[in-house]
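All remarks here apply to the structure that follows.
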Amino acid sequence: MMLQERFQKALRMKGFAVFLMALCCCLSGTQGDHEDQKACCSSDTGSLMKEPISIGEKLGAIGEKLGTMGDNLRLMETRLQTSENEVEELKRLTGGRPQVAFSATLRQTGDVPGNTGPFTTPIPLQYKKVFSNTGSSYNPATGIFTATVKGMYYFHFTMMNNLNIPPSSVVCLTKNGQRLVSVWDTVGTDANDSGSNAVVISLEVGDNVYVELQANRLVHDDIMNYNTFSGFLLFPM
């Protein structure tokens, strides 16, 4: 509003100056051409006086737009302050560090004990019973962990082989389709062996990690929950 008032004041001064110039022009004319001079002065004065009026109207419209922009700016400032408050509250709850951790087992409570597999192609194992999932990065419907924070992660998984002799179980921890570490049991005269493996890896946002059951292999589980998949963020990078 201060900018608009300054423009209007300047225009009023300009209009007054123009009027004085036109008046002097009229008074300085000779008596012989009084009528022509009068007509000229009237025309010029009217034209010149319309200019500040027109500019003033435009300035008023600009002022209204500036007022609307000011209202929008205040609204954005309010929303920004709300977002900042939410971020500060999240930092207070988490100590300023992102928290990502999950742990799950293969079968839901009440599932009938038995084998998972075999399948004709490698598939991610779906660990359906979730013990914890801070950060909601693990999806029990797919068995896939998807990184939402760039950082260094720790993953651990266990496997129990099938009841058949010889056993026929092979699982691999996989990152974006690339096999990292494995647990297997495919030879011997006994059954129901268990194994585990772990890895520390760096992940970018959007990277996927899962335990993959290899083609034509299977794993066995019951209410004791032998097959597990866990992981957590060590530190962001």
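The values are calculated or read from the model by the stated rules, or taken from the named source; none is laboratory data. Since the structure is predicted, the reported quantities are computational estimates derived from the model, not experimental observations. Every residue, glycine as well, gets a Cβ built from its backbone with ideal geometry; the counts of neighbours run over all protein chains shown. For the accessible areas, the whole protein counts, side chains as well, though only heavy atoms, and no ligand, DNA or RNA atoms are used. Shrake-Rupley method; radii C 1.70, N 1.55, O 1.52, S 1.80 Å.
Observations, loosely collected:
- Reported value for segment 128-198: 111 Å³ per residue, from the convex hull of its C-alpha atoms.
- The residues of segment 96-237 expose on average 48 square angstrom of accessible surface per residue, using a 1.4 Å probe on protein heavy atoms.
- Computed from backbone phi, the HN-Hα couplings of segment 226-237 come to 7, 9, 10, 9, 9, x, 7, 7, 6, 6, x, 10 Hz, rounded to whole numbers (Karplus: 6.51 cos²θ - 1.76 cosθ + 1.60, θ = phi - 60°; Gly and Pro given as x).
- For segment 82-237: lysine pairs under 24 Å (alpha-carbon distance), excluding those fewer than 8 apart on one chain: 4
- Peptides 70-77, 100-107 ordered by average Cβ neighbours within 10 Å, highest first: 100-107, 70-77
- Taking segment 144-237 and dividing mean pair separation by its residue count, relative contact order in percent (alpha carbons under 8 Å, at least six apart): 46
- Calculated on C-alpha atoms, the gyration radius of segment 156-237 divided by its Kirkwood radius gives an Rg/Rh of 1.03.
- Taking only the alpha carbons of segment 84-207, we obtain Rg and Dmax values of 17.5, 63 Å in that order.
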